[in-house]
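The values are calculated or read from the model by the stated rules, or taken from the named source; none is laboratory data. All values reported here derive from a predicted model rather than from experimental measurement. Note that we place each Cβ from the backbone using ideal geometry, even for glycine, and neighbour counts take in every protein chain shown.
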Amino acid sequence: MLSEIFEMLNINSANGDMCVTFIACKGAIIQGYKKIVYIGENSIIVVGKNKRQMVIEGKYLEIFSLAPSEIVVHGRITGVFEHEQNRQTK
């Protein structure tokens, strides 16, 4: 199914992009991350293999599962977006 989504979006899955799948108010799965930059109760920032940073924001966030290229986060997810350098973490 993920390969079909990549095809519809014209994305080469081998290019190092991160994939964030989330269900609002439940959690998220981040695939293709390289390292965790910040962990807080209301936000988590990860860096992808392509050096882009993604922010997962919400309430009561906790890392439920951690693997070499995949993180499972539980909590009330309110947003996922690319990190801006001048943006402050909450």
| Hits in the stretch 1-32 (condition: part of a strand (DSSP E or B) and either among the charged types (D, E, K, R) or at pLDDT below 90 (or both)) | Cys19, Val20, Thr21, Phe22, Ile23, Gln31
| message | Any residue in the stretch 28-42 that is of a type in the set (S, T, N, Q) sitting within a Cβ distance under 7 Å of a residue that is in a strand (DSSP E or B)? List the pairs, counting only those 6 or more apart or interchain. | response | Gln31/Cys19; Gln31/Glu70; Asn42/Glu57; Asn42/Gly58; Asn42/Lys59; Asn42/Leu61
| task | State all residues of the stretch 31-87 that are closer than 21 Å to Phe6 by Cβ, aliphatic (A, V, I, L, M) and in contact with an Asp or Glu (Cβ under 9 Å, 6 or more places away or on another chain); if no residue qualifies, say none. | result | Met54, Val80
| note | Scanning the stretch 40-69 residue by residue, those of a type outside the set (A, V, I, L, M), surrounded by 14 or more Cβ atoms within 10 Å (Cβ to Cβ) and part of a strand (DSSP E or B) turn out to be Ser43, Gly48, Gln53, Glu57, Gly58
